[in-house]
Number of protein chains: 2
Amino acid sequence: MTIDEMGEFPLIDRIRRGLPPADSDVIVGIGDDVAVLRTAADRVWLATCDVQIEGTHFLRGSITPRDLGRKALAVNLSDIASAGGRPRFALVSLGLPRDLDVSFVDELYEGLREQAGRFSVDIVGGNMSRSALGVFIDIFLLGEAPKGNVMLRSGARAGDKILVTGSLGDAAAGVALLLSPGLATSPSYAEIARMHRDAPVPRVREGGLIGGSGRATSMIDVSDGLAADLDHICGKSSVSARIEAEKLPVRAENRALSSAARGSEWHFALHGGEDYELLFTAASAQAEDLARRIEDETGTPVSIIGEILPAASPRELVLPDGGKVPLDKGGWDHFTAGEAGEK
Amino acid sequence: MTIDEMGEFPLIDRIRRGLPPADSDVIVGIGDDVAVLRTAADRVWLATCDVQIEGTHFLRGSITPRDLGRKALAVNLSDIASAGGRPRFALVSLGLPRDLDVSFVDELYEGLREQAGRFSVDIVGGNMSRSALGVFIDIFLLGEAPKGNVMLRSGARAGDKILVTGSLGDAAAGVALLLSPGLATSPSYAEIARMHRDAPVPRVREGGLIGGSGRATSMIDVSDGLAADLDHICGKSSVSARIEAEKLPVRAENRALSSAARGSEWHFALHGGEDYELLFTAASAQAEDLARRIEDETGTPVSIIGEILPAASPRELVLPDGGKVPLDKGGWDHFTAGEAGEK
């Protein structure tokens, strides 16, 4: 059955019936003009939104609706994580072609519910509109944090170490493997790359620990590519930075694919985007201890990859042979970048 | 210059520079991963989102970008108003074709800023993505209210009077005049209809007064058409309703156009949609007094148009000649309705 045949309100009812009971801070959830929400008085609210658009962020036949639902929420969870917050409430705005099968929406919501459940988020409302334009999933996510825990892009100081969670470049490798049939890698790495592309895991627990540690000085999530997101930290903190290539958490298979696809083994790691790892800074004396603590408590690796420099210093990448090259921000720009296929 | 040539981050910077200084409850606004917001401890939050999609809600050549910006925020303001709340913070998610001229975004934001300023809303964040699909403007709006003021669709009781602000059917007449060149009306009514279609005025002050009055029992805004929105109140409140056609606030020119276009002088008023008036209920003994008070304080007319009935009663429309016809919910459904052109 198409959504055209089912109709908007029956479809919304169907979605609502599929959702788990809401948290007691949800006074009114889906089904009225607004969601009515309560929070503790000593918290600040964190608000973010991010969209997945057919043809820009995904191709309908190349990702399952369930993965798309999980990913659409993951990219927003990653923003709340990067502020050190606890995600709480989501509104889901869908643009849907009339001839889309209802099963697409069912599976999309299966992924959304799964991801929401995993991170204790309530889906409290949203909107559904006909879109002759193709599918889009726009999510608004509210989180909360004690005010003192909120991490921003500003705050990095010369001398701070630069840290990053997890691994870099794998989502970009996944996109390249999808779009360039000539590229080859091992079956096991192809699956790792696909998972990073289609089912990224937001670092929510890690972000909360980093925000609550009192030791980090700035944080951002790596969505546009390490170099571009580091550029945001440098810009907001009025500093420069040096990254050591050999300390970047990049798999050997990723470097090989990056060389083959882009002529540089570091390209995917620095400019690939969509890693959804956390990039953060901490005073030099505390960085090692903070990294180990996050690793111990979450099992997620944390790498110290470089150092914050005074603003006047050139921004540079130190290669494994000791050579230095300028660290261009590069990265993903939604408008100046190439076609979706080139992302 | 196209947005493709300007690039995403310069465009975001340009938008940020154009915004007025933020309210002191905005701890961090546009330009970080999240907006950081504070509110009073004795308030609940109201959250809503609504989108304007090219080809579904508007045709790019038929509405100015400035009106589109005003309208995109107005439809969300109307939702907060219908809950009796005070709008506070907006996030704006834009989907933009690469070849769109930057002036479109500038003018869109001019309208957004104007509308935000008029209702003391801070634009605190958002997102901008390339959309091969055409333009969309998705807005996420947070409001607040003392918990006791929040008005919902539920709460109407048999015997309550049904009230509505302003006038009905004018936006639908505006759409019909745009799309059916055969229709004719006076120049002055054509302009009234166009304004209702392209520049609806959300009833924010009226909603706050109704919520704070302690006398209304339920409320919704008229976005899908009076009959469909009354159906939402009846469904959520488990009641039925009787509407008296001659008490509907409908201009004579509107009835004439509705007859010519849809074969019934009440069609636009009952099923047209996009009125963005407030439909609410109040105990019979208090309705007249409440209506006069809202009129006196805001200058907006308030009409008593019918009565809430027990759930078992048929839902009906009483015609001026005393005849009764079933009041079908009809109204606008994004998927089962006709093409955008028929809306």
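The values are calculated or read from the model by the stated rules, or taken from the named source; none is laboratory data. For clarity, every value in this text was computed on a predicted model and none was experimentally measured. Neighbour counts are summed over all protein chains in view; Cβ atoms, including those assigned to glycine, are modelled from backbone coordinates with ideal geometry.
Against the criterion of being under 26 Å from the mean Cα position of the chain (by Cα), under 26 Å from B:Ile210 (Cβ atoms) and at the interface with another protein chain (Cβ under 7 Å from one of its Cβ atoms), B:Leu46 qualifies.
The conditions of being crowded, with 23+ Cβ neighbours inside 10 Å and out of contact with any Pro (no Cβ under 6 Å at 6 or more places or on another chain) are met by A:Pro87.
Taken over segment B:205-257, the criterion of being touching a Lys or Arg at 6+ places or on another chain (Cβ under 6 Å) and hydrophobic (A, V, I, L, M, F, W, C) is satisfied by B:Ile220, B:Ala227, B:Ala228, B:Ile233, B:Ala241.
Checked against (1) under 21 Å from the mean Cα position of the chain (by Cα); (2) within 9 Å of chain B (Cβ to nearest Cβ); (3) among the aliphatic types (A, V, I, L, M), A:Leu11 meets all criteria but (1). Flag: B:Gly117 matches the condition of being small (Gly, Ala, Ser) and surrounded by fewer than 24 Cβ atoms within 10 Å (Cβ to Cβ). Scanning segment B:212-222 for residues that are touching a helix residue (DSSP H, G or I) at 6+ places or on another chain (Cβ under 7 Å) and part of a loop (DSSP other than H, G, I, E, B) yields B:Arg215, B:Val222.
A:Arg194 falls short on exactly one of the conditions (1) surrounded by 21 or more Cβ atoms within 10 Å (Cβ to Cβ); (2) among the charged types (D, E, K, R); (3) at pLDDT 95 or above, and that condition is (1). Kindly indicate the residue of segment B:149-168 that is of a type in the set (Gly, Ala, Ser) and within 20 Å of the chain's Cα centre (by Cα) and also farthest from B:Asp289 (Cα to Cα) among those meeting that condition. The residue in question is B:Ser154. If I ask for residues that are of a type in the set (D, E, K, R) and in contact (Cβ under 8 Å) with a residue 24 or more places away in the chain, which ones from segment A:263-287 would you list? Of everything in segment A:263-287, those that are of a type in the set (D, E, K, R) and in contact (Cβ under 8 Å) with a residue 24 or more places away in the chain turn out to be A:Glu274, A:Asp275, A:Glu277. Look at segment A:58-85: where a residue is within 14 Å of chain B (Cβ to nearest Cβ) and a partner is surrounded by fewer than 24 Cβ atoms within 10 Å (Cβ to Cβ) and not in a helix (DSSP H, G or I), sitting 6+ places away or on another chain with Cβ atoms under 6 Å, you get A:Phe58/A:Gln52; A:Arg60/A:Glu54; A:Ala72/A:Gln52; A:Leu77/A:Phe119; A:Ala83/A:Val150; A:Gly84/A:Ala145; A:Gly84/A:Val150; A:Gly85/A:Ala145. Kindly establish whether B:Asp101 is more than 24 Å from A:Ile123 (Cα to Cα) and not β-branched (Val, Ile, Thr). Here the answer is yes, as B:Asp101 does meet what is asked.
Rundown of residues vs (1) free of Cβ contacts under 8 Å to residues at least 40 places away in the same chain; (2) of a type in the set (Gly, Ala, Ser); (3) crowded, with 20+ Cβ neighbours inside 10 Å; (4) touching a Cys at 6+ places or on another chain (Cβ under 7 Å), yes/no style:
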{"site": "A:Ser93", "(1), (2), (3), (4)": "no, yes, yes, yes"}
{"site": "A:Ile139", "(1), (2), (3), (4)": "no, no, yes, yes"}
{"site": "A:Pro146", "(1), (2), (3), (4)": "no, no, no, no"}
{"site": "A:Arg157", "(1), (2), (3), (4)": "no, no, no, no"}
{"site": "A:Lys161", "(1), (2), (3), (4)": "no, no, yes, no"}
{"site": "A:Thr165", "(1), (2), (3), (4)": "no, no, yes, no"}
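Filtering A:Ile53, A:Ile3 for residues that are closer than 19 Å to A:Glu110 by Cα, modelled with pLDDT of 95 or more, facing another protein chain (nearest Cβ under 7 Å) and buried (at least 20 other Cβ atoms within 10 Å of the Cβ) leaves a single hit, A:Ile53. Which of the residues spanning segment B:155-197 are assigned to a loop (DSSP other than H, G, I, E, B) and aliphatic (A, V, I, L, M)? If the condition is that a residue be assigned to a loop (DSSP other than H, G, I, E, B) and aliphatic (A, V, I, L, M), then B:Ala156, B:Ala158, B:Leu168, B:Leu183, B:Ala184 are the ones that fit. Within segment B:86-132, work out how many residues are more than 19 Å from the chain's Cα centre (by Cα), in a loop (DSSP other than H, G, I, E, B) and either more than 13 Å from chain A (Cβ to nearest Cβ) or of a type in the set (Ser, Thr, Tyr) (or both). The qualifying residues number 1.
So, B:Met151, is that one touching a residue at least 40 places away in the same chain (Cβ under 8 Å), within 14 Å of chain A (Cβ to nearest Cβ) and not in a strand (DSSP E or B) or not? Answer is yes for this residue. Pick from A:Ile27, A:Ile12: which is more than 22 Å from A:Pro202 (Cα to Cα) and without any contact (Cβ under 8 Å) to a residue 12 or more places away in the chain? On inspection, the qualifying residue turns out to be A:Ile27. Do we have B:Val44 as under 19 Å from A:Ala41 (Cβ atoms) and β-branched (Val, Ile, Thr) here? Criteria met by B:Val44. Taken over segment A:21-42, the criterion of being within 16 Å of A:Asn127 (Cα to Cα), more than 8 Å from every other protein chain (Cβ to nearest Cβ) and not β-branched (Val, Ile, Thr) is satisfied by A:Gly29 alone.
Screening A:Leu209, A:Leu230, A:Leu290 for residues that are modelled with pLDDT of 95 or more, more than 22 Å from A:Leu319 (Cβ to Cβ), under 21 Å from the mean Cα position of the chain (by Cα) and in a helix (DSSP H, G or I) leaves exactly one candidate, A:Leu209. Residues in segment B:142-157: is at least one touching a Leu at 6+ places or on another chain (Cβ under 8 Å) and within 30 Å of B:Pro10 (Cα to Cα)? Looking for residues that are touching a Leu at 6+ places or on another chain (Cβ under 8 Å) and within 30 Å of B:Pro10 (Cα to Cα), one finds at least one in segment B:142-157, hence yes. Selection of segment B:246-270 for residues being surrounded by fewer than 23 Cβ atoms within 10 Å (Cβ to Cβ) and in a helix (DSSP H, G or I) yields B:Glu246, B:Lys247, B:Ala252, B:Glu253, B:Arg255, B:Ala256, B:Ser259, B:Ala260, B:Ala261, B:Arg262, B:His267. Considering only segment B:289-300, state which residues are in contact (Cβ under 8 Å) with a residue 24 or more places away in the chain and surrounded by 14 or more Cβ atoms within 10 Å (Cβ to Cβ). B:Leu290, B:Ala291, B:Arg293, B:Ile294, B:Thr298, B:Thr300 - these are the residues of segment B:289-300 that are in contact (Cβ under 8 Å) with a residue 24 or more places away in the chain and surrounded by 14 or more Cβ atoms within 10 Å (Cβ to Cβ).
Scanning segment B:109-118 turns up one or more residues that are modelled with pLDDT of 85 or more and hydrophobic (A, V, I, L, M, F, W, C).
The residue that is modelled with the highest pLDDT, among those in segment A:243-287 that are at positive phi and touching a helix residue (DSSP H, G or I) at 6+ places or on another chain (Cβ under 9 Å), is A:Tyr276.
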